[in-house]
Amino acid sequence: MTPDFKDYSRMFKASKMLKAALLFGVLVPGAVGVFAVPAQCDEVAPARSKAFAAVLGSYVALRTTDYVQTSSCVFSARCVELNPVFRELVSKPKVFAVTQLGMTTAITAGVWKLHARRPKLAWVLTGALVGAQAAVVTSNARQLRRIQR
């Protein structure tokens, strides 16, 4: 995201929205990820499955935070999307939301299925996903901070 103009009232609203998104984007998916583990996985390896679900929940939380950061900034015309895949979709809020939700669901379901067959590979991929998404969220937060100055 790159800042386009300075509108402090919108930035203040966006920062309040960002704080709420971080709170609910981390707590709710994390809790769901920990407690919504399938029963057959609990019987086989409960600690590993719950830990994996928690890490996967943190990925979902980071994706949610990224969506809220991007949409609040881009839809208010303060920023532009740098990702070439989403650049065209950002101009259509509903399509952007459905695409983000679909990608998050597909990636999460795919990694969860992979965990049943190849747990070590699933852990490595999930770690990479969480790391990459954390970098994106951190970059977005820095850009939002620059806008607020």
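Observations on the model:
- Extended-chain gain in nm, criterion 0.36 nm per residue less alpha-carbon gap, S76 and A109: 8.7 nm
- Shown in residue order for the range 90-97 are the 3J(HN,Hα) couplings computed by the Karplus curve 6.51 cos²θ - 1.76 cosθ + 1.60 at θ = phi - 60°: 5, 6, 10, x, 5, 5, 4, 5 Hz (x for Gly and Pro).
- Highest mean first, the peptides 71-80, 53-62 sorted by other C-beta atoms within 10 Å per residue fall in the order 53-62, 71-80.
- Contour minus Cα-Cα distance for R117 and S91 (0.36 nm per residue): 5.4 nm
- Added length on full extension, which subtracts the Cα-Cα distance from 0.36 nm per residue, V98 to V124: 6.6 nm
Read the figures in this text as sums done on the coordinates, not as results from a lab. Since the structure is predicted, the reported quantities are computational estimates derived from the model, not experimental observations. Positions of Cβ are backbone-derived with ideal geometry, glycine not excepted, and every protein chain shown enters the neighbour counts.
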